[in-house]
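The values are calculated or read from the model by the stated rules, or taken from the named source; none is laboratory data. Quick caveat, the model's predicted, so the values are computed rather than measured. Here Cβ is always computed from backbone atoms with ideal geometry, including for glycine, and neighbour counts include all displayed protein chains. Just so you know, the surface numbers come from the protein's heavy atoms only, side chains and all, with ligands and any DNA or RNA stripped out. Shrake-Rupley method; radii C 1.70, N 1.55, O 1.52, S 1.80 Å.
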Amino acid sequence: MGAGAGGTYVLDQVHRRLLRDGQPVVLGDRAFDLLRALGAAEGRAVTAAELTAQVWPGLTVSAGNLRVQVRALRRALGDDAIENVPGVGYRLALPLTAPGVPDPSPVDLLVGREGEMEGLGDLLSRSRLVTIVGPGGVGKTSLARAATAALPEIRTVHVELAPVRQPGLVPVVTAAALSMKFVGGDLLGAIRTNLSTEPTLLVLDNAEHVLDEVAEFADGLLGTCPDVRLLLTSREPLGLAGELLLHLCPLACPPEDETDPDVIRAAPAVRLVMRNHARAGWPPPGDGDMPALARLCRHLDGLPLGLVLLAALLRDCPVDEVVQALEGRFQDLPLPDDAGYRHGSLTRMLDWSVETLSPPERLLLCRLAVFSGAWPVEAAAAVCGGAPLRRDEVPGLVAGLVSRSLVVGPGQRREPGLRLLDTIRQYALALEPGVIDRDRLRSRVIDWLQVETRRVLVAKGHVRNADERLRLDVADIRSMLAWALAGADIVKGQELAITACRLWNYVGPMNDMVQHVVRAWALCDDQTPPHIRATLGLLIHGEGLPLRLPFHAHRETYARTELPWAVAALRAPDVPPFFCIDGLLSAGYIRWYTGDAAACLELWAEGVDYSGQREMYSDQVRLLSLAGWLRAETGDPEGARQEFTKAQSIAEQQGLFRKLPMLRLAEAEFSAGNRDAAIEMVRLALTLSEPTMPILQQTLHANLSSYLLLNGQVEEALVQAQAALIITRRVQYSFAYSWTLERGALLALRLGRPDLARPLAALGDRMVRADTRKRGGAERALHAMLMAELEPFAAADDAVDWTVEQALAALASFYAEHPSSLSSMT
């Protein structure tokens, strides 16, 4: 490499930068173009006219403009770097070299875009006008460069429109990109003549801020130059006839519940961070850093621009420190000089998008930041449609934000619903910090969540609504509960916590919800509406939450001191129906667990009548099925048959799902000694193609495993037990932990592993006793068999003191290693 005045200079034309001893030298765009023109002469003198034509193509400028840029170069590089050549012009006296290591090809720079590359190639083969559409920083330019690099057989010309700030300059910068030497006359005609000489792919990059001018320019080229194809990148479509769109999504991130380091590393968003981190010469983050790195990638929505920033930050800080220090602050941090992006930071990138918004669009954008997750247009209108906006104008405003890629939809995020990417949401929150509190938007979000949750819960029980989609996002439930229960609106938070309990049966994990319900109960005082206090107390002491809770140990006390009052409070007028039904169901369980089966049946019968009067047939079937199970459990088979007959009749008449009544009927058949009938009933239920709550699906697999095991069918029982365990761990279904451990212990004994069976059985038994639980049906029979078969090993002294999670992990490994397991079968 040559050494000039003041160091070694490398001219990097790909990234438009000059490096002196490896460090960037600050140059303006015109000064860089002048340096490039002088460097291309390889030491020869270049006339002022030639330099002016190359630095300002198609424009007429005075000689003073050239002298200004020469002085700028001399200030940056030294007075001797640019020599005056009398009678000719200027000569570069500074040796320049190209980068010593060639830059990777544009295709090699892409990560996780194989499908998009294939799709873009297909679109380019079908249309002469293709636009890559997506939010700022999503990698539109990178994809366009890669696409052109993959087409060596055609001339490609890249036109950078980002610097264009004045009308009429689109043809000028196009002429410059075509290296046209043109002075005066018909510039558009000259461009068309140039483009007619050979087939050309013209890339018009970053067109969103000059969209009208680009549309007119593109329309003219397509009509007069038959061998021209246009590829645009923009945050909104051009809108011309024949335009095909490629909606570019952010890179896929690891799922929230993923902890496997290898799976996390395989996610495209993480791969991009790791690739950029490695290119800087830093050692890769270890396995223990992967969950935190996955969280950071999700926080950045998989946006490549943000991921490049993240990779740069990881050069200086461990992953966990970045998580702690940068929560919600990514948009303000500068990009490194070598990032290869034209935006200096996420904020500057978003400024570019927001500056063209109308006042109503800008206000709506700021209001939409109240949503933490996805939302439908109806929610945006209900929550954000207050004055000075009107509800009926919100859908049109949302459409405008979608067209500018400030709001992303299913085509841009691979998921249903609309939302603000979190980077855009944080920007909008900072844009007008007081708008959410001023307009009381969070209370309106809670109102919407209540209405939508109840709608979904009513619809979910019917076969005709099998494809009913959840239009709310649990992220909004979490954020609104946290806000309300922190003191902002406690009663609203308590109401939402009760309503959302049922929803969590579908979305899980339950541990995620229980903290809010327990917090809502702890906040009850003399001012709490009676029906709210009553429902919360019944949920956490009964089985309103299918989890092991410390409150279960105090059921006897609760039943004596508060249960009668709570049930009376539910019978008051105007109590929401879901509150009353769930309260009566939990009250019945409390009576059952405290030894009063008759009182339990009375409460469930009241719930059956109440739900039937309100045409809540799914709840009616649920309560009838439970009553049938309990009658069978207490030795009343005829009463059980009557309850199940009613449940099945209502389910058939109303078009309800059948798995729950079939589960309860199978339990009743088992209690009556009909094991084979119970097995066939559950097998049939598992074959039904009905949408099923994870907890119900877990119970079906678990019960079938127990029935099979008690019937001596060990191999098939293990397969069903493994399926149940997978769901149990995924949704953190702690209510089933004790039965899961005891079932696993008996399987371990039957398969020759008493060393595993003993600690599993001991831990399961301790959990049942601690929770004052009752073993019923198959659990009772299985426990008796387990205790009998463990008897010969009672003297063994190799007990293991496991936590529940350690025990479940050991059991999962045991299942997976067995030849009959699901993994072995797969």
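Looking at region 569-615 only, could you name the residues that are under 37 Å from the mean Cα position of the chain (by Cα), surrounded by 23 or more Cβ atoms within 10 Å (Cβ to Cβ) and touching a residue at least 60 places away in the same chain (Cβ under 8 Å)?
Within region 569-615, ASP582 is the sole residue that qualifies.
Residues ALA45, ALA63: which one is in contact with a strand residue (DSSP E or B) (Cβ under 6 Å, 6 or more places away or on another chain) and either at pLDDT 75 or above or open to solvent by 30 Å² or more (accessible area, probe 1.4 Å) (or both)?
After applying the criteria, what remains is ALA45.
Can you tell which of VAL111, VAL138, VAL133 is touching a residue at least 60 places away in the same chain (Cβ under 8 Å), in contact with an Asp or Glu (Cβ under 8 Å, 6 or more places away or on another chain) and open to solvent by less than 20 Å² (accessible area, probe 1.4 Å)?
Of VAL111, VAL138, VAL133, the one residue that is touching a residue at least 60 places away in the same chain (Cβ under 8 Å), in contact with an Asp or Glu (Cβ under 8 Å, 6 or more places away or on another chain) and open to solvent by less than 20 Å² (accessible area, probe 1.4 Å) is VAL133.
Taking region 153-178, which residues are among the polar types (S, T, N, Q) and not in a helix (DSSP H, G or I)?
Correct list: THR156, GLN166.
Give all pairs with beta carbons closer than 7 Å in which a residue from region 258-270 that is over 18 Å from ASP301 (Cα atoms) meets a residue that is open to solvent by 60 Å² or more (accessible area, probe 1.4 Å); count only pairs at least 6 apart in sequence or on separate chains.
What qualifies is PRO261/ASP287.
Give the residues of region 552-568 that are over 14 Å from GLU606 (Cα atoms) and touching a residue at least 12 places away in the same chain (Cβ under 8 Å), sorted by residue number.
Once the filter is applied, which keeps residues that are over 14 Å from GLU606 (Cα atoms) and touching a residue at least 12 places away in the same chain (Cβ under 8 Å), region 552-568 yields HIS552, ALA553, HIS554, ARG555, GLU556, TYR558, ALA559, GLU562, LEU563, TRP565, ALA566.
Is it fair to say ARG519 is open to solvent by 50 Å² or more (accessible area, probe 1.4 Å), in a helix (DSSP H, G or I) and among the charged types (D, E, K, R)?
Taking the combined requirement at face value, the residue satisfies it.
Condition first: modelled with pLDDT of 85 or more and either part of a helix (DSSP H, G or I) or open to solvent by 30 Å² or more (accessible area, probe 1.4 Å) (or both). Can you find one or more residues in region 11-22 that meet it?
no
Of the residues that make up region 653-667, is at least one touching a residue at least 60 places away in the same chain (Cβ under 8 Å) and surrounded by fewer than 16 Cβ atoms within 10 Å (Cβ to Cβ)?
yes
Among the candidates GLU742, GLU690, single out the residue that is acidic (Asp, Glu), open to solvent by less than 10 Å² (accessible area, probe 1.4 Å) and touching a residue at least 40 places away in the same chain (Cβ under 8 Å).
GLU742
Would you check if LEU368 is crowded, with 16+ Cβ neighbours inside 10 Å, under 16 Å from LEU429 (Cβ atoms) and at pLDDT 70 or above?
Criteria met by LEU368.
Inspect region 536-558 for any residue being more than 22 Å from ARG766 (Cα to Cα), among the basic types (Lys, Arg) and either assigned to a helix (DSSP H, G or I) or open to solvent by less than 20 Å² (accessible area, probe 1.4 Å) (or both) and give the result as yes or no.
Checking region 536-558: not a single residue is more than 22 Å from ARG766 (Cα to Cα), among the basic types (Lys, Arg) and either assigned to a helix (DSSP H, G or I) or open to solvent by less than 20 Å² (accessible area, probe 1.4 Å) (or both).
Return the total of residues in region 218-247 being under 19 Å from THR141 (Cβ atoms) and more than 32 Å from the chain's Cα centre (by Cα).
Number satisfying all stated conditions: 3.
Of the residues that make up region 448-456, is at least one out of contact with any Pro (no Cβ under 6 Å at 6 or more places or on another chain), acidic (Asp, Glu) and modelled with pLDDT of 90 or more?
No, every residue in region 448-456 fails to be out of contact with any Pro (no Cβ under 6 Å at 6 or more places or on another chain), acidic (Asp, Glu) and modelled with pLDDT of 90 or more.
Looking at (1) surrounded by fewer than 23 Cβ atoms within 10 Å (Cβ to Cβ); (2) within 26 Å of ALA482 (Cα to Cα); (3) not small (Gly, Ala, Ser), can you tell me which one LEU421 breaks?
In the conditions (1) surrounded by fewer than 23 Cβ atoms within 10 Å (Cβ to Cβ); (2) within 26 Å of ALA482 (Cα to Cα); (3) not small (Gly, Ala, Ser), LEU421 misses (1) alone.
Just give me the residues in region 25-42 being of a type in the set (Lys, Arg) and modelled with pLDDT under 80, in sequence order.
Hit for region 25-42 is ARG30, nothing else.
Could you run through region 618-652 and say how many residues are of a type in the set (Lys, Arg) and either in contact (Cβ under 8 Å) with a residue 60 or more places away in the chain or closer than 18 Å to SER586 by Cα (or both)?
The number of residues fulfilling the criteria is 2.
Any idea how many residues of region 403-415 are of a type in the set (Val, Ile, Thr) and either open to solvent by 50 Å² or more (accessible area, probe 1.4 Å) or modelled with pLDDT of 85 or more (or both)?
1
Given the conditions (1) within 20 Å of LEU406 (Cβ to Cβ); (2) at pLDDT 75 or above; (3) assigned to a helix (DSSP H, G or I), which single one is not true for TRP352?
(2)
From ALA784, ALA721, ALA788, grab the single residue that is more than 22 Å from PHE551 (Cα to Cα), modelled with pLDDT of 85 or more and touching a Leu at 6+ places or on another chain (Cβ under 7 Å).
Matching residue, one of ALA784, ALA721, ALA788: ALA721.
Being part of a helix (DSSP H, G or I) and surrounded by 17 or more Cβ atoms within 10 Å (Cβ to Cβ) is the filter here; which residues of region 522-532 pass it?
Scanning region 522-532 gives HIS531, ILE532.
Just to confirm my filter: which helices (runs of 4 or more DSSP H) fall fully inside region 579-675 and include at least 1 residues that are of a type in the set (Phe, Trp, Tyr) and within 26 Å of SER689 (Cα to Cα)?
In region 579-675, 617-633, 637-654, 659-671 are the helices (runs of 4 or more DSSP H) which contain 1 or more residues that are of a type in the set (Phe, Trp, Tyr) and within 26 Å of SER689 (Cα to Cα).
Condition first: in a helix (DSSP H, G or I) and surrounded by fewer than 21 Cβ atoms within 10 Å (Cβ to Cβ). Now tell me which residues in region 759-778 satisfy that.
PRO759, ALA762, ASP765, ARG766, MET767, VAL768, ARG769, ALA770, GLY777, listed by residue number.
Could you tell me which numbered condition SER234 fails, if it satisfies all but one of (1) touching a strand residue (DSSP E or B) at 6+ places or on another chain (Cβ under 8 Å); (2) open to solvent by 30 Å² or more (accessible area, probe 1.4 Å); (3) of a type in the set (S, T, N, Q)?
(2)
Kindly list, by first and then second residue, each pair from a residue in region 700-711 that is closer than 11 Å to LEU686 by Cβ to a residue that is among the β-branched types (Val, Ile, Thr) and open to solvent by less than 10 Å² (accessible area, probe 1.4 Å), limited to pairs with Cβ atoms under 6 Å and residues at least 6 apart or on different chains.
Once the first residue is closer than 11 Å to LEU686 by Cβ and sits in region 700-711, its partners that are among the β-branched types (Val, Ile, Thr) and open to solvent by less than 10 Å² (accessible area, probe 1.4 Å) give LEU700/VAL682; ASN703/VAL682; LEU704/VAL682.
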